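*Asks:* If you scroll down you'll find the structure; I have some questions about it.
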Amino acid sequence: MEKGLIEVRNPATSEKIAELAVASAEEVARAVRQARKAQALWQEKSFAERAKVLHSFRDLLIDHQDEIAETLTAETGKPLAEAYGNELFYVYDAIGFWAKNAAKYLKPEHLRPHLLKTKKVVSRYDPLGVVGIISPWNFPLVLTVGEAIPALMAGNAVVIKPSELTPLSALHGAKLAGEAGFPADLLQVIVGLGETAECLIDQADMISFTGSVVTGKKVLRRAAERLIPVTLELGSKDPMIVLKDAYLERAANACVWGALMNSGQVCTSIERVYVEEAVYQKFVEMVVGKVNSLRQGRSHDEVELGSMTSEAQLIKVESQVEEALRRGARILTGGRRKPGAQGFFYEPTVMVDVSHEMQIMREETFGPVIPIMKVKDREEALRLANDSRYGLDSSVFTQDKKTAWEIAEQMAAGAVCINDTLVNFIIPEAPMGGIKESGLGRRHGAEGIRKYCRQKTVVMDRLGLKSELSWFPMTQRKRDFFRRALRLLYRSGWKNKLANPNRTRQGY
Ligand code: NAD
């Protein structure tokens, strides 16, 4: 790989804020080798010892939170309040949660065999070694340092390849980790583009990838060469359903926040809205009114929306909106770059008269656009909501609990929020991840830490006899015994027939 430089720019001002060297293949390999040495020391520590170091790390993060928040806003353009309220909050809470719960989730499980009662069976969760985390740019701390916390608590070392657009927050976090009492090189950050990430896939013991579907498929293909485990947290096109009996004020507020938070650059953003015709007009008016009252500007101003993080993303949003307009959609507010603004500001936008012929209803937009569609009834809403190649998150608004739970059951998504939106991401007990093209694997919950482990089964004989029935020699007597035993054990219904000759039931 050619050694080059990456320029990091503030997307709200276009000012250059850093220039970083791209890690070479040899540097990536060295980082993983060093991480391996650190991991050997770290895995010997108890959960309580690991938790103690993580708490020191959190204290250091808190002591430096103003600098980190500045870094976050400078490299993303998001409002400063969101840097504290979303990114730092998530990481602090994740540290507390995993420090407390890792031992519970990873406790060796004592299993009781249904048949071989003379065996003691234990299933263990051992660390994988060096976990590679490859991240996007929309949450540069949550999806780097935040994602590393469960991996570290499970006893792994972590090497992070953050997005080339936003590497500074992760670098800041890793520097503080170095001062917090972790073994040296346990948590490292390597800077680079896709090629750097590929080098990491060639070296690490597992890859936790968050990013686009296109890149996710490349990651899976490359990891297949080494047969290392991979989790993929990918993009989506999350639907919101609003039924005629919904509490409309709450639904409209949820819609505006859930679609526009972080300028819509959230994997679980509301990206399409289906509203029952009885309340469609009122709901649209409410949403437009609320969107018109939002303030957009620089991170340090009192604003709800900052700039978008990349111009390429903004151009993608423009192109989807233009395509929808060509096909007959209407813009009720927004629909253009913010006039006179220097950075990548796209006005919060509401569109109607949209259809599933349009990219804006089918492809991930990842921008501040709310396309709203009128539907006849709940069946049509559900059919359209499920008409997608993605399936990450979703929401339904109705005051009828029974209907809400029925829709939740039928929604083709990794999560459904009833009368709420996005909230599942900050419930670390709840598994979070996609179905269909939105990904493989889960973050959070038991799976969110067990994915960073290799499961090992240990079986111990309790009796110590000189031989076992199934061992050699294979005599005719044994053969006859097996024949009789198989019939007795597995022939349908023999147990019930003995108890009640008129009833039949499947055997074991
Ligand atoms: P991206 O796929 O372009 O890049 C993600 C990371 O992959 C970057 O670090 C990039 O350098 C790296 N990369 C690029 N080429 C690679 C290759 N060939 N092999 C390995 N890694 C490579 O995504 P992005 O534009 O940075 O992020 C936006 C996407 O992330 C959106 O689709 C969004 O939905 C998704 N996302 C998903 C979740 C989730 O939890 N499901 C969370 C946040 C973002």
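The values are calculated or read from the model by the stated rules, or taken from the named source; none is laboratory data. Keep in mind that what you see is a predicted model, and the values were worked out from it rather than measured. Positions of Cβ are generated from backbone atoms using ideal geometry, with glycine treated the same way; all protein chains shown enter the neighbour counts. All accessible areas refer to the heavy atoms of the entire protein, side chains included, with ligands and DNA or RNA removed. Shrake-Rupley method; radii C 1.70, N 1.55, O 1.52, S 1.80 Å.
*Asks:* Being open to solvent by 10 Å² or more (accessible area, probe 1.4 Å), more than 16 Å from the ligand (Cβ to nearest atom) and assigned by TED's automatic domain parsing to the domain that holds V131 narrows it down to one of L248, L227, so name that one. Quick ask: steps written out before the conclusion?
*Replies:* Working: L248 fails: assigned by TED's automatic domain parsing to the domain that holds V131.
When all the criteria are applied, what remains is L227.
*Asks:* Looking at T76, T71, which one is of a type in the set (S, T, Y), crowded, with 17+ Cβ neighbours inside 10 Å, closer than 21 Å to Q188 by Cβ and within 23 Å of the chain's Cα centre (by Cα)?
*Replies:* Just one listed residue meets the conditions, T71.
*Asks:* I want to confirm something. Restricting to region 132-159 and keeping residues that are closer than 20 Å to K78 by Cβ and of a type in the set (A, V, I, L, M), which single residue is farthest from the ligand (Cβ to nearest atom)?
*Replies:* My answer is V145.
*Asks:* With I228, I201 as the choices, which residue is within 21 Å of the chain's Cα centre (by Cα), of a type in the set (A, V, I, L, M, F, W, C) and part of a helix (DSSP H, G or I)?
*Replies:* The conditions single out I201.
*Asks:* Can you say whether Y105 is under 22 Å from H172 (Cα atoms) and open to solvent by 20 Å² or more (accessible area, probe 1.4 Å), as far as the supplied structure shows?
*Replies:* In short, no.
*Asks:* Name, by its number, the condition in (1) open to solvent by less than 40 Å² (accessible area, probe 1.4 Å); (2) of a type in the set (A, V, I, L, M); (3) assigned to a helix (DSSP H, G or I) that does not hold for M373.
*Replies:* (3)
*Asks:* Tell me whether region 397-408 contains one or more residues that are within 26 Å of N253 (Cα to Cα), at pLDDT 95 or above, within 15 Å of the ligand (Cβ to nearest atom) and in a loop (DSSP other than H, G, I, E, B).
*Replies:* The answer is no; no qualifying residue exists.
*Asks:* Residue check: is V369 within 16 Å of the ligand (Cβ to nearest atom), of a type in the set (A, V, I, L, M, F, W, C) and closer than 15 Å to M240 by Cα? Reasoning before the result, please.
*Replies:* Numbers: within 16 Å of the ligand (Cβ to nearest atom): yes; of a type in the set (A, V, I, L, M, F, W, C): yes; closer than 15 Å to M240 by Cα: yes.
Yes, satisfied.
*Asks:* Also, quick follow-up: Please tell me if A197 is closer than 25 Å to I427 by Cα and open to solvent by less than 30 Å² (accessible area, probe 1.4 Å).
*Replies:* no
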